[in-house]
Structures are given as C-alpha cells and as structure tokens.
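Undergrad: Got a structure here, written out as structure tokens. Questions coming.
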C-alpha cells in the first residue's frame, strides 16, 4: 500500500506564481507569470503593457530599515535615481535626482505623489514606512508627462496600504537601534604625534609643544561632536473589512537622536483609510493622515567645532584650572571656575620657567579667539515643530461596465513653528550675542481632480483612456520676529529681550488649472502604444504665457510573442520600447530675503519695503527688486527614451536597459543687463541643459527551491550633464564665500557646475614654512602651481577646469536569500567619478594660520605660489562603496505560534546600514555624499558637512 499522497503548495511572489508539487518524495517547481499592476498617474497599467520607463519598488522589508524618512530607504533601489544623504541631521531630507540636474535657477527635485495627491518633498518626513505599500518611479517624459509642468524632474508615486476583506488583523511593528558616526582619520590630530614628528625631524621640540604636552589633554573633537544616538520606531495598525468596505487604521511613533550633539527628531503620525462600495455602481473612500514632528537642530558648523586644538579641554577641571590665565585680557578670565567652558585664550602667556601664568610674555598656544566649540552648540536651542494634516475624499461612479467617473477632493495643511535661541554663553562676547528668533508659517494646499476612465477589451485589442480636469491652489502666510539684549537665559521670551530687532510678515499664493488626457492601446499583447497630453495654466507666469502644453507618446513591441521568437528556450521575453515627450518645471529656487516674491511672481514688477530720510524724518519707502518680464514661461524638457525589457531562460535572468537624452530648455536664469536699468541682471528663459545616459537592471533567480531561494539584483546608471546655453553669462566665474573665494565656472560644453582654478605642481618644502609644527595638525596654506600656458607667469590664463561634482556611475548589488524560516538580504551600493570641493581642509588643517605661511625672505619662485583653496588641492574624489543594508530575519514557525495562541505571525530581525563605508583615497572629509546647499551653478561645495554613520538595530513584527 502506498501512503504517499501528492501535496500541492502555492507560493505567491511578486510577478510570479510558484506551485510546488510533491510526488513520490520529489519536488517539482513550476512558475506561471502573473502580470503585475503598475501605478501610472490617474490610473494603473499592466507591467507587460508599459511603454515608458517606470520602476516599481514594493515594501517587502523597507520598513525594517532603521531610517526616519521613507525616502532614505530608496538608496540603491531604482536605477537612474540617485539618493544622497547630503545632510546628516536626524529627519533631514536626502537629495534625490532622477536622471540628473536639469534646471539652473529652478528646483531639480522630483514630484512626489501620495495616493494621487501631489505633496511637497517635506511630506515624506511625516510618512510611516509601515504604511507604505509601494513606490513607482516615473523616469522618462512619456511616463511623467501626465503631470505636465511638474513632471520635468521625474515623479515618485507612493501608494499606501489598504485594508483587505476578512477578519480584522492587528499588527505591531517595532525596531530600536544605535547610530555611530564614521570619523575622518585625516582630521584626527594628536599633540603627542605632532611632538614626536617635530622631535624626529628637528631633534628638539619647541616651547609651544612642551606647553601643550604639559596640559596633558587630548580631546578628540570628533568624539565630542559626533556623539551618536539611538533610533526607535513603533507602529500599530488594524486592517480588515468585507466585500464592500475595507479599512486601515494605524498609529506610529519614531524617535531619532541622530549622530550629532543636540540632534533630535520625534515623529507622531496617524492614518485612517477607508474604501467602500455603495450599491453596484458607486465607490467612495477617504484618507485622513495627521502628523506632528518635533526637531531640535544641530545649531552649529561641524568644521568650526572640529578645528579646535586637541590640547583644549571641553570644560575646566581640577587638573587644568591651574593653567588658566586670570591676568590677561584685562582680567576677563579672573572668575573662571571648575565646570566652565574652556577657551583657547585662557591658556596663553604661560611661563614654563616659573610654572605660572603671566600678564605678558611667556608661551602662548592659542590659535583662535573663538568661544569653546561645545558652548557654541549646547548654548543654542534651535527647534522646528511641524503639524501636518493630509486628507482626501473620492467618489467613483460606474457609468457603464467600461466607463467610470471619479472625483477627488484633497487638502493638506501644514503649520511650522521655528524657534532659535542663542544663549549668553553661545558667542564670543557674552550677553550681547544672545538673541531669540521666532518664525511661524501656515500653508494650505487644496486640490480637486475630476476624470473619466475607460477600459475595454475587444478581440485582440485592449483600449484604455483617461480624460480629466484638475484645479489646485496653495496659500501661504508667515511671520518672523527677533529680539536681543538678554542678560540671562532664565526667561527666553520676546519680552525678556531689551532690544526689539524687528518683525517681518509675508504671504503668497499659487494656483494651477489643468486638462489632461491619455490613451493606451494594445493589439494581441504585442503591439503597444500610449499617448498623453496635459495643458497646465499657472499663476506664476505672464498673461500671455500662463498655459503650456506637454504632449508625449510611446510605442512598444513585444518581439518574444512573434513567431520567429515564440518558444525560444533562451530568449523567452523581449520587448522594445521607444518614447518621446515634453514635461515642464515651474518651481524657482532663487532664495534671499525676497525669494518668496520672485519665486511666486517672477513676471511682475515687485517692490520691497525700505526707509528713507525726508526733512530729517524717517519715512517708509519702496524699492524695486526685479525687472518685470511678462514673457517668462515654463522651463521645458524634451526627452527621448529607447529601452528594452528582457527575460532569459524562463526569466531566470531578466531586466531592462534604457538609453535616454533629455534636453531642458527655456531655463530660467539671471541674464546680465545694462547697468542703466538699476540692476545687474534679469530673469529670462535662455538656458539649456542636456542630460543623457544609460540605465541597466539585471535580476537573477539563482536558486529556486521550496525551502531555499536566492535572487540577485544589479542596478547601474550613468548620466552625463552638459550645459548647452547660458545666455550672455557663458563662462561666468562664481564663488560661494567671499572670504574663501574658491571658483566655479559655468561654461557651455561642460557640466552646469565645474570647479575652476590652478593646478597644483608641488608642495612648499617645510624649511620655507614659518612653523610647520604649529598649530597641531596644521598644513601650509600655499602651494606651487603649474604654468599651463608656458609664459613664465602665473595668472588667470593658467586657470582651468579642475573637475565636477557629478558621478559617472551609480550602482547597487542586492542579494536576497530565503532559507526555511530565515531570510537574509544585503546590498552593496556605490558611486564613482564625482568630486567635491572640500573647503573643510582649510579650516581643519589651519591653512589660514600665519604660522603656516611661507617665509618671504627665503622662499624661492614666489610668483608660482597660490593658496590651496584656489587650486585642485582641495578637489577630492567623492567616490564611495557602502555595505548599505544587511537584514537577517526569522519567522516563527506555525508550531511555535500555535503555542502562543493569539499571534498569527511573528518575525524577529536584525538590520544594519553602512556596516562598511569605503571612501576614496585622498578624500579627507566625513561624508562624500554631504554637499552644501548652494546653487546648481556652484554645486559640489563641501564645508565639513555631516558624517556618514552606521546603524545597527533589532526589530519585531507581530500580527494578531
């Protein structure tokens, strides 16, 4: 008698149905492809019918990555999308670029759409990843053109989780972790090491070095400022419903202490999402999501804190108080006591002979008159509190089986309360430095979308279409108030200040009105076409230029369904895609005190308030701030995309390759004008930029067994940025900081932003440096440069392009393993070829200290010497390789769960981010991804920045 009974088990993976049939102890795995559904803007589409460049990322384990924002988890998940942690503060937004930078004066951030509602990028800071179902990234113009004037930088669509019919399921997800910053070895200095080097090279040590050793202090300022922290997250949800009504309710809390001293971020969020059917023809639903964030900022600069000497203690203690000079600076430090902040100047004028401080003479070792760096940070309190409410309601009526009408009313409200108090110990001169700044801003965004959707299959043809109209408005009001003259920190209110510094209020409004349409057609699942158009009208531009048209079209051909490839055992799937379309950009990023005016009303003649003296009386006055240009219009992108999707050996190997070229023209830039106008420049549509590149996706199913699965994913992208038109400003040379005026050049034929200056020839020998051993860690600020034109002189003719900040390759390599109840995944991610101008070298190596000057009397060839900040000495390779993610999880067995009773599923996991972070040789900074927010034309400026960091966490997912 044979007691072996065949058993069939079904596993559902994304895009694949796998059935495992056991017969006579043999397991046979069969795969059947399921057509995945992709969000495409105002609708969905089968993945097999896509003709544009769209990538989808499902939230399988993204919610287990210990980050405070959902966009932080997208690093390395999509080809063509570069996500950089340009700011290291907890809760800060990463910089996201889809297919490069395409605007000069405008924003290059992608459009963010959450459940159909367009939101600002900051909204991603209030979302709970546990509530996110998937991300869709629309990369080419044909895919993004349905969003018209806002789709020029790509679109990230986020779909949140919905309830499912059946028994209500409760879940609790949590993780807690620790964060630790990576240090820079190049910026780690030691008095003892400097003394040893001085002794080895000169055979003696100076009085300065002797005194620094006598203090017996070795403060590692990186340890002090990068104090690390913890991160924890808790999320509770209830999902369920029946055939007619489905719901999802969730409550979340996150606390991220960051890695910088004073850094702290707390987030509270709630979500209620309900979808219901009313009869056979009506569907209704709503989504209500309030959130609150409380963020204490790191109110200081990393470079300023870390340039302090290692011999300086943080606080005065019993060991070092004997060295405090109570005589100097008119007795300024006479009352210093244990526990006070230590200043460098306190320790000057010390007699090594008597072992006592003296009023004058002696040995001085200070390098700065600045306050203690920790006092500059701890004695300031900069907070930002945001309350946001997002809500939407929709109604859908099925007119016929194939035609429906949908209307959506949505709104989001945001209140921001900013507060910054600089205490009496935060500055160099005491109470007169104390100041309180308060700011408040309210913004309301209203939107209404109405559209018809049609879908019908007839014979071998399938047709779908969307036709709609949309209206949106943004209203913003705010005010700022400041006071000074505080004598103590006890009462930190405006009334406590003795000097009122002023008050400023502002308000502005934007509106957008649009028509849009799209038609998708497929024949025999082989020949595919999609066409769309959107007409946007914006309040930003002039009367004759308010409306713009953004058409797009794409075609697809599934060659693998043709007779000549049908049944091919090697190439089982091959689809060619081609698309061409137009998108736009209406978001200006001009900044400045009047930026809110010029960014929202750039076509109008604008005035700002001022004052003037008339008859010995101060009267209010108004000054023009721009030149009106009623012909200003949309920035426009024209993009062509050629791509193909492939599957080999029954999709054991699959993926896609895309080639694109996007020309962004009519770019808004400040073009030089005659000085007789009273202005040096005026805004005009003149600029043009090209981004072109290739994107590669390779996905492999290495092992597919019932109890063991191993898949791999390789993503890579290359983008080339080129400036094609810069109006009358071609060859413009700019700097960011007048004191450290390193230069950038904006030159046609090169990237938008290029580093400019002299090329280093060689270092100045130490014998020509005034004091090469002071201060600790000091380096010469000057260097010999090359005479590139060979005329025997060093002048501007010897300057050249020194590099640019844009990476040549961004890639990731991911592996996923499922072994019984265990799952393991890891990702390596990297960026190669980009550069930064690391001005932190000048601060931390004390380039500006007179002791590091060359000796004028003896140094040869002084005509060939220039400061390092004007050369490629501080142009550094920003390439890196990171072990970006590691996840090890275990799902409790059904036997164990049965013993626990009420728990349906449970998973325990450990994760780590940046377990390994390899920086390029010669890079001295803390984080090659950290870039200061300057402008598109001076991009790549790094002034210390925030450090990269490692996170290790433990988590638990429970479902009841």
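The values are calculated or read from the model by the stated rules, or taken from the named source; none is laboratory data. Computed from a predicted model, the values in this text were never measured in an experiment. With ideal geometry, Cβ positions are generated from the backbone for all residues, glycine too; neighbour counts draw on all protein chains shown.
Undergrad: Return only the number of the condition from (1) surrounded by 17 or more Cβ atoms within 10 Å (Cβ to Cβ); (2) farther than 27 Å from residue 286 by Cβ; (3) touching a strand residue (DSSP E or B) at 6+ places or on another chain (Cβ under 8 Å) that residue 370 does not satisfy.
TA: If we test residue 370 against (1) surrounded by 17 or more Cβ atoms within 10 Å (Cβ to Cβ); (2) farther than 27 Å from residue 286 by Cβ; (3) touching a strand residue (DSSP E or B) at 6+ places or on another chain (Cβ under 8 Å), just (3) comes out false.
Undergrad: Okay, next question. What single numbered condition from (1) at pLDDT below 90; (2) not in a helix (DSSP H, G or I) fails to hold for residue 597?
TA: (2)
Undergrad: Of the conditions (1) surrounded by fewer than 22 Cβ atoms within 10 Å (Cβ to Cβ); (2) in contact (Cβ under 8 Å) with a residue 60 or more places away in the chain; (3) not in a strand (DSSP E or B), residue 145 clears all except one; give me its number.
TA: (1)
Undergrad: Please go through region 148-170 and pick out each residue that is touching a helix residue (DSSP H, G or I) at 6+ places or on another chain (Cβ under 8 Å) and either more than 30 Å from residue 551 (Cα to Cα) or surrounded by fewer than 17 Cβ atoms within 10 Å (Cβ to Cβ) (or both).
TA: Across region 148-170, the qualifying residue is only 161.
Undergrad: If I filter region 938-960 for residues that are in a loop (DSSP other than H, G, I, E, B) and within 24 Å of residue 173 (Cα to Cα), do I get at least one hit?
TA: Initial filter on region 938-960 (in a loop (DSSP other than H, G, I, E, B)): 939-940, 943-948, 960.
Keeping just the survivors that are within 24 Å of residue 173 (Cα to Cα) gives 960.
The answer is yes; a qualifying residue exists.
Undergrad: Can you tell me which residue in region 719-740 is surrounded by the most Cβ atoms within 10 Å (Cβ to Cβ), limited to those that are in a loop (DSSP other than H, G, I, E, B) and free of Cβ contacts under 8 Å to residues at least 24 places away in the same chain?
TA: It comes out as 730.
Undergrad: For residue 267, are the conditions met, namely being farther than 17 Å from residue 343 by Cα and over 21 Å from the mean Cα position of the chain (by Cα)?
TA: no
Undergrad: Working carefully through the options 652, 703, 698, 714, find the one that is without any contact (Cβ under 8 Å) to a residue 12 or more places away in the chain and closer than 30 Å to residue 570 by Cα.
TA: Going through 652, 703, 698, 714 in turn, the sole match is 703.
Undergrad: Could you tell me which residue of region 193-208 is modelled with the highest pLDDT, considering only residues that are surrounded by 16 or more Cβ atoms within 10 Å (Cβ to Cβ) and within 43 Å of the chain's Cα centre (by Cα)?
TA: Looking at the filtered set, the residue picked out is 195.
Undergrad: Is it the case that residue 899 is free of Cβ contacts under 8 Å to residues at least 60 places away in the same chain and over 30 Å from residue 170 (Cβ atoms)?
TA: When the stated conditions are applied, residue 899 does not pass them.
Undergrad: Say we look at region 353-367 and pick out the residues that are in contact with a helix residue (DSSP H, G or I) (Cβ under 6 Å, 6 or more places away or on another chain) and in a loop (DSSP other than H, G, I, E, B); which of these is farthest from residue 428 (Cα to Cα)? Full working, then the answer.
TA: Residues of region 353-367 that are in contact with a helix residue (DSSP H, G or I) (Cβ under 6 Å, 6 or more places away or on another chain), as a first pass: 363, 365-366.
From what is left, the residues that are in a loop (DSSP other than H, G, I, E, B) are 365-366.
Working: 365: 18, 366: 15 Å.
So, considering only residues that are in contact with a helix residue (DSSP H, G or I) (Cβ under 6 Å, 6 or more places away or on another chain) and in a loop (DSSP other than H, G, I, E, B), the one farthest from residue 428 (Cα to Cα) is 365.
Undergrad: From (1) in contact with a helix residue (DSSP H, G or I) (Cβ under 9 Å, 6 or more places away or on another chain); (2) crowded, with 19+ Cβ neighbours inside 10 Å; (3) closer than 18 Å to residue 507 by Cβ, pick out the condition that doesn't hold for residue 608.
TA: Condition not satisfied by residue 608: (2).
Undergrad: Right, something else. Report, by residue number, each residue of region 813-846 that is outside any strand (DSSP E or B), farther than 30 Å from residue 778 by Cβ and more than 21 Å from the chain's Cα centre (by Cα).
TA: 820, 821
Undergrad: Same structure again: Here are some residues: 336, 353. Which one is free of Cβ contacts under 8 Å to residues at least 12 places away in the same chain and farther than 30 Å from residue 396 by Cα?
TA: 353
Undergrad: Identify, by number, the condition in (1) surrounded by fewer than 17 Cβ atoms within 10 Å (Cβ to Cβ); (2) over 30 Å from residue 666 (Cα atoms) that residue 630 doesn't meet.
TA: Residue 630 satisfies all of (1) surrounded by fewer than 17 Cβ atoms within 10 Å (Cβ to Cβ); (2) over 30 Å from residue 666 (Cα atoms) except (2).
Undergrad: Scan 395, 391 and give me the residue that is in contact (Cβ under 8 Å) with a residue 40 or more places away in the chain, part of a strand (DSSP E or B) and either touching a helix residue (DSSP H, G or I) at 6+ places or on another chain (Cβ under 8 Å) or surrounded by 16 or more Cβ atoms within 10 Å (Cβ to Cβ) (or both). Quick ask: steps written out before the conclusion?
TA: Values: 395 fails: either touching a helix residue (DSSP H, G or I) at 6+ places or on another chain (Cβ under 8 Å) or surrounded by 16 or more Cβ atoms within 10 Å (Cβ to Cβ) (or both).
Answer to the selection: 391.
Undergrad: Looking at 440, 473, 426, 453 in this structure, which one is part of a loop (DSSP other than H, G, I, E, B) and either modelled with pLDDT of 95 or more or surrounded by 14 or more Cβ atoms within 10 Å (Cβ to Cβ) (or both)?
TA: 426
Undergrad: Of the residues 462, 524, 489, only one is touching a residue at least 24 places away in the same chain (Cβ under 8 Å), buried (at least 16 other Cβ atoms within 10 Å of the Cβ), over 37 Å from the mean Cα position of the chain (by Cα) and over 27 Å from residue 409 (Cβ atoms); which? Outline the logic, then answer.
TA: Details: 524 fails: buried (at least 16 other Cβ atoms within 10 Å of the Cβ); 489 fails: over 37 Å from the mean Cα position of the chain (by Cα).
The unique qualifying residue is 462.
Undergrad: Please note which strands (runs of 3 or more DSSP E) are completely contained in region 868-919 and include at least 3 residues that are within 18 Å of residue 72 (Cβ to Cβ).
TA: Details: elements: 875-877, 880-891, 905-913, 917-919.
Fully inside region 868-919 and qualifying: 880-891, 905-913.
Undergrad: Those residues that are touching a strand residue (DSSP E or B) at 6+ places or on another chain (Cβ under 6 Å) and loosely packed, with under 14 Cβ neighbours inside 10 Å, I need them from region 209-244; list them, please.
TA: Residue satisfying the conditions is 244 alone.
Undergrad: Just one of the numbered conditions (1) more than 30 Å from residue 833 (Cα to Cα); (2) surrounded by 14 or more Cβ atoms within 10 Å (Cβ to Cβ); (3) in contact (Cβ under 8 Å) with a residue 40 or more places away in the chain is not true of residue 871; which one?
TA: Only one criterion is unmet by residue 871, namely (1).
Undergrad: Can you pull out the residues in region 313-332 that are in contact with a helix residue (DSSP H, G or I) (Cβ under 7 Å, 6 or more places away or on another chain) and at pLDDT 95 or above?
TA: 314, 320, 323, 324, 325
Undergrad: Select from region 401-423 the residues that are over 28 Å from the mean Cα position of the chain (by Cα) and assigned to a strand (DSSP E or B) and write down the one among them that is farthest from residue 284 (Cα to Cα).
TA: The qualifying residue farthest from residue 284 (Cα to Cα) is 403.
Undergrad: Please go through (1) surrounded by fewer than 19 Cβ atoms within 10 Å (Cβ to Cβ); (2) touching a residue at least 40 places away in the same chain (Cβ under 8 Å) for residue 331 and return the number of the only condition it doesn't satisfy.
TA: Only one criterion is unmet by residue 331, namely (2).
Undergrad: Within region 751-769, which residues are over 22 Å from the mean Cα position of the chain (by Cα) and in a loop (DSSP other than H, G, I, E, B)?
TA: 759, 763, 764, 765
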